[in-house]
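Here's the structure, in structure tokens; my notes come after.
Coordinate-derived values only; no laboratory data. Being a predicted model, the structure only gives us computed values, none of them experimental. Cβ: placed from backbone, ideal geometry, glycine included. Neighbour counts: every protein chain shown.
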Amino acid sequence: MNTVSLIVWTLESNCFIIYTIMIVFFVVFTMFHKNRLEVHQNRIGAKKKFARDGGKVMEYPDDEDDEDCLVPAISEDTPHIPYRPLARSSEEVLQRSRDYYDLMAQRRTVRRFSTEPIPQEVLDNIVKTAGTAPSGAHTEPWTFVVVQDPNVKAAIRDIVEEEEEENYNRRMSRQWVTDLKPFGTNHQKPYISEAPALILVFRQTYSWRSDGKKKMHYYNEISVAIAAGFLLAAIQYCGLVALTSTPLNCNARLRDLLSRPSNERLELLLPVGRPHKEVTVPDIRRKNLDQIMVHV
Ligand SMILES: Cc1cc2nc3c(=O)[nH]c(=O)nc-3n(C[C@H](O)[C@H](O)[C@H](O)COP(=O)(O)O)c2cc1C
């Protein structure tokens, strides 16, 4: 008897008792296993997310049910050492807070640069400063690609201008393009070849441990954003200028051009240098303290 014949036979025979038993069994089974099913689905979801984060499925994270796999990425025996704070009096703290505010309040985004080169050690030091930023579980999920070669800068400019032309004409909303009008930007980016150095900030979505296992990069977006803030502050502190830019849709092409691996995503492209002597900036205002600070 095949399946169709069986169904016809049960219908003809009015086998309600069989259907009732099957439905009751299904309901009891579902309720009994509800929690287990939810846990299982959550784990599948977590694994899928992890695979998407990397943009490429290579290996799932360690099975958390297996205690032997739960080894911290940094040695559990890492010693804790005394922290030696900078000794500053209250007056010094106050004065330094004022001085630092004055310095940072002068930071502006410029879109024209002098071609004067920057000493290599200056670039090393500002990138080292960015590398002192805090990161989720000390994963340091960043790579700073510093480009000074004129040919590579020209290739980057070609890619960015090509994509930006599409962005301005088709991908960005009309409101977005309108909101950019006060800044006088368009798809042309001469500063990419003018600035003596470009720093491209890549975010590592994950990496690999020395034992070959995948290393999770917790909070990699905010960690890289903080490091970028450190970088901009260091650039300002040493008397240089930068243009914080986020070239839309350029990630894959610039990643390939610069031979970066697929676990890295381009977050920022920062031309860095001295300002062009005729540079101007839009006369914008910053919010007052009472607009950005709430006392509780
Ligand atoms: C996340 C981010 C993305 C930005 N992207 C661009 C960009 O693609 N092109 C550009 O000319 N400026 C860009 N800017 C610069 C802003 O326009 C600039 O910071 C803002 O107008 C305030 O000016 P200020 O930096 O001089 O204070 C960006 C800034 C940020 C923080």
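Computed quantities for the displayed model
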item	result
Viscosity 0.890 mPa s, temperature 25 °C, Stokes-Einstein D of segment 250-296 from Kirkwood C-alpha radius, µm²/s	160
Listed pairs K189/K214; K128/K189; K153/K277; K181/K215; K128/K214; K189/K213 exceeding 32 Å between Cα atoms	K189/K214; K181/K215; K189/K213
Relative intensity, log₁₀ I(q)/I(0), of segment 180-296 from a Debye sum that treats every alpha carbon as a point, q = 0.14, 0.16, 0.21 Å⁻¹	-0.80, -0.98, -1.34
Efficiency of FRET from Cβ geometry, T20 and Y219, R₀ 45 Å, rounded to 0.05	0.30
Sorted by Cβ neighbour density within 10 Å, fewest at the top, the residues L240, L200	L240, L200
Sorted by Cβ neighbour density within 10 Å, fewest at the top, the residues E162, E267, E67	E67, E162, E267
Proxy reagent accessibility, fewest Cβ within 10 Å first, across S262, S173	S173, S262
Projected area averaged over orientations for segment 124-250, convex hull of C-alpha atoms, nm²	9.6
Potential lengthening between D290 and S89 on full extension [0.36 nm per residue; Cα-Cα distance subtracted]	69.6 nm
Segment 188-235: equivalent-ellipsoid semi-axes (sqrt of 5 x gyration tensor eigenvalues, Cα, Å)	29, 14, 9
Two-decimal Rg to Rh for segment 63-180 - Kirkwood Rh, Cα set	1.09
